[in-house]
Amino acid sequence: MTPDTLGLTAEGCMALLDAGDVSCVELVEAYLARIEQQDGDLNCYLRTRADAAREEAARFDREGRSGLQGVPIALKDILCVRGEETTAGSRILEGHRPLYDAGVVTRARAAGLIPLGKTNMDEFAMGSSTEHSAFGTTHNPWDARMVPGGSSGGSAAAVAAGLAPLALGTDTGGSIRQPAALCGVVGMKPTYGAVSRHGLIAFGSSLDQIGPFALTVRDAALALQVIAGRDHCDSTSVELPEPIAVPEGDDLSGVTIGVPADLLAQGVEPGVREAFDRSLEHAQHLGARVREITLPTAVHALPAYYLIAPAEASANLARFDGVRYGLRLEEPGDTIVEMYGRTRSSGFGAEVKRRIMLGTYVLSAGYYDAYYGTAQRVRTLIRREFDQAFTDVDLIATPASPTVAFPIGERIDDPWAMYACDLLTVPVNLAGLPGISLPCGLSEGLPVGLQLIGSAFSENRILAAAHALEGAIGFDPVPAAMRSAG
């Protein structure tokens, strides 16, 4: 049997494997065949590991399997995989082969998930459209003229297009939730520290988190079960207060959802607001209480983020110097400083250079307190406001993105317009909180994402509410354009 992977969930994969309707090899082959058929137009994958995936699947067929064993997964190309090229979407790391697996890759392998390949992304996770990849733009499966969001656009689009049932991405300022919204899939950013960052090529170390993409909330919970938990290789990671549970209920009785009116007053498209308001009505029908709250400092999150994140990026990317790994460009007679300059000038793209320069500037003598220090104080206020809000409400709801997917090329030369894509997601990263995006409707034929935010380590509460709303909303995650394409 050759299964149709379009719309096939991870739970659906397990059911087929458990029933013996397909073998692990047949399931992997079905995904590889669809990648071969569809990805030339979408550019979700930078590279696949077809032979290795087949070998891993064959081992499960020989030795037996259970649970998630044999289920494929896609990995954002910012996650190290031992011996396999990992570039973070940048020319400066082209050909780089890490000597170890990232913590989440180790956990995925231990659970029996089979990596299919590495997905496209904005270079070093700096972008909101996956147009800043050094290896070409990823296209949105709902409309190939549109961006898939970013920076984890390849992972989001791969799940939407049926090129993987699960994928991992990273979220520094919204890079899981925003592309999940634009591609009509589920994407979750865990609490800071809930998932190990070991083996993640760092962008903003106090902001980065790894999380799953899936077609359903239950699938996202299954993936989060695998990757969450303490890792001795990451001192910022912790054990969760309670294990991740796969949600089952459809009742929101007793749940209070806060809606921050001040945050939603900026730049939310009318169609996005309509879909968001309908999702709140669904929540009320399920028994939830919806009330207005205020997060007055959150409206300043965007400028604070675009000082803190570039500052951390400036420090993190200093290691890419052409000496130890990746690209090295030099000419006879070059000094080491000239070699550094030649390599970094050629290896980094325009957006990465922009953020490195901004970050270096705000960390420089005479400007540190005025910019970086002030941004950190704003961050503290934002965290306190969230803490106060969660004394009165259980969850906070916003759209995940203020707009639906926009045309490729429309904002590439307008950094401020591109940065505004993160308006509703960056406050969550600054506060270190968990958040999820689930599709809640269409606007102009393109998906809208509902964001649910919880207090620290409230992943189970978020997943339970998202699952209940998912059933009430009844969104079909299969893009009409992909269905008609076969």
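The number of residues in the range 336-371 that are farther than 23 Å from R324 by Cα and basic (K, R) comes to 1. Contact map, the range 164-175: first residue of a type in the set (D, E, K, R), second residue crowded, with 24+ Cβ neighbours inside 10 Å, Cβ cut-off under 7 Å, separation 6 or more or different chains; pairs are D171/R177; D171/K189; D171/Q209; D171/G211; D171/N429. Counting only helices (runs of 4 or more DSSP H) that fall entirely inside the range 353-454 and contain at least 2 residues that are within 19 Å of the chain's Cα centre (by Cα) and over 30 Å from D476 (Cα atoms), the qualifying elements are 426-431.
Going through L381, L424, L358 one at a time, which residue ends up being among the aliphatic types (A, V, I, L, M) and in contact with a strand residue (DSSP E or B) (Cβ under 8 Å, 6 or more places away or on another chain)?
On the way: L381 fails: in contact with a strand residue (DSSP E or B) (Cβ under 8 Å, 6 or more places away or on another chain); L358 fails: in contact with a strand residue (DSSP E or B) (Cβ under 8 Å, 6 or more places away or on another chain).
The conditions single out L424.
Being farther than 29 Å from L433 by Cβ and either touching a residue at least 12 places away in the same chain (Cβ under 8 Å) or not in a loop (DSSP other than H, G, I, E, B) (or both) is a description that applies to R344. Of everything in the range 1-29 that is touching a helix residue (DSSP H, G or I) at 6+ places or on another chain (Cβ under 6 Å) and more than 24 Å from P479 (Cβ to Cβ), the residue that is surrounded by the most Cβ atoms within 10 Å (Cβ to Cβ) is C24.
Taking the criterion of being of a type in the set (V, I, T), part of a loop (DSSP other than H, G, I, E, B), buried (at least 24 other Cβ atoms within 10 Å of the Cβ) and under 12 Å from the mean Cα position of the chain (by Cα), would at least one residue in the range 121-144 satisfy it? Give the derivation first.
The initial filter retains those residues of the range 121-144 that are of a type in the set (V, I, T), namely 130, 137-138.
Still in the list and also part of a loop (DSSP other than H, G, I, E, B): 130, 137-138.
Filter once more, so that each one left must be buried (at least 24 other Cβ atoms within 10 Å of the Cβ): 130, 138.
Those still in the list that are under 12 Å from the mean Cα position of the chain (by Cα) too: 130.
The answer is yes; a qualifying residue exists.
What's the total number of residues in the range 252-263 that are in a loop (DSSP other than H, G, I, E, B) and surrounded by 12 or more Cβ atoms within 10 Å (Cβ to Cβ)?
Taking the range 252-263 as the starting set, the residues that turn out to be in a loop (DSSP other than H, G, I, E, B) are 252-255.
Checking the rest, the ones that are also surrounded by 12 or more Cβ atoms within 10 Å (Cβ to Cβ) come to 252, 255.
Result for the range 252-263: 2.
Please enumerate the residues belonging to the range 11-53 that are of a type in the set (G, A, S) and either within 15 Å of L75 (Cα to Cα) or more than 23 Å from the chain's Cα centre (by Cα) (or both). The answer is A15, A19, G20, S23, A30, A33, A50, A52, A53. Restricting the range 282-319 to residues that are of a type in the set (S, T, N, Q) and surrounded by 18 or more Cβ atoms within 10 Å (Cβ to Cβ) leaves a set whose member that is nearest to T256 (Cα to Cα) is T297. Scanning the range 279-326 for residues that are β-branched (V, I, T), touching a residue at least 40 places away in the same chain (Cβ under 8 Å) and in contact with a Phe, Trp or Tyr (Cβ under 9 Å, 6 or more places away or on another chain) turns up just one, I308.
Look at D61 and say whether it is surrounded by fewer than 22 Cβ atoms within 10 Å (Cβ to Cβ), assigned to a helix (DSSP H, G or I) and either touching a strand residue (DSSP E or B) at 6+ places or on another chain (Cβ under 9 Å) or not hydrophobic (A, V, I, L, M, F, W, C) (or both). Even if it seems obvious, please write down each step before you answer.
Working: surrounded by fewer than 22 Cβ atoms within 10 Å (Cβ to Cβ): yes; assigned to a helix (DSSP H, G or I): yes; either touching a strand residue (DSSP E or B) at 6+ places or on another chain (Cβ under 9 Å) or not hydrophobic (A, V, I, L, M, F, W, C) (or both): yes.
Yes: the conditions hold for D61.
Of the set (1) touching a helix residue (DSSP H, G or I) at 6+ places or on another chain (Cβ under 7 Å); (2) farther than 13 Å from G117 by Cα; (3) part of a helix (DSSP H, G or I), all apply to L32 but (2). For the range 27-70, a residue qualifies if it is touching a Ser or Thr at 6+ places or on another chain (Cβ under 9 Å) and on the phi > 0 side of the Ramachandran plot, and the qualifying residues are N43, G70.
Name every residue in the range 145-167 that is in contact with a Gly (Cβ under 8 Å, 6 or more places away or on another chain) and assigned to a loop (DSSP other than H, G, I, E, B), in order of residue number. Correct list: V147, P148, G150, S151, S152, G162, P165. Restricting the range 145-155 to residues that are on the phi < 0 side of the Ramachandran plot and not polar (S, T, N, Q) leaves a set whose member that is surrounded by the fewest Cβ atoms within 10 Å (Cβ to Cβ) is R145.
For the range 94-120, what are the residues that are among the aliphatic types (A, V, I, L, M), farther than 21 Å from Q225 by Cβ and buried (at least 24 other Cβ atoms within 10 Å of the Cβ)? Walk me through how you get there before you give the answer.
Step one: list which residues in the range 94-120 are among the aliphatic types (A, V, I, L, M), which gives 99, 102, 104-105, 108, 110-111, 113-114, 116.
From the residues that got through so far, the ones that are farther than 21 Å from Q225 by Cβ too are 99.
Those that are among the aliphatic types (A, V, I, L, M), farther than 21 Å from Q225 by Cβ and buried (at least 24 other Cβ atoms within 10 Å of the Cβ): none in the range 94-120.
Annotation: T236 fulfils all but one of (1) of a type in the set (V, I, T); (2) closer than 30 Å to A315 by Cα; (3) in contact with a Leu (Cβ under 8 Å, 6 or more places away or on another chain); the unmet one is (3). Selection of the range 213-257 for residues being touching a residue at least 12 places away in the same chain (Cβ under 8 Å) and among the acidic types (D, E) yields D219, D231, D234, E242, E248, D250, D251. Of S237, S205, S279, all but one fail to be small (G, A, S), assigned to a loop (DSSP other than H, G, I, E, B), surrounded by 17 or more Cβ atoms within 10 Å (Cβ to Cβ) and modelled with pLDDT of 95 or more; the exception is S237.
Answer yes or no: is there a residue in the range 92-113 that is among the small types (G, A, S), part of a loop (DSSP other than H, G, I, E, B) and under 30 Å from A481 (Cα atoms).
Scanning the range 92-113 turns up no residue that is among the small types (G, A, S), part of a loop (DSSP other than H, G, I, E, B) and under 30 Å from A481 (Cα atoms).
The values are calculated or read from the model by the stated rules, or taken from the named source; none is laboratory data. No experiment lies behind these values; they were computed from the predicted model shown. Because the Cβ atoms are built from the backbone with ideal geometry, glycine has one as well, and the counts that use them run over all protein chains shown.
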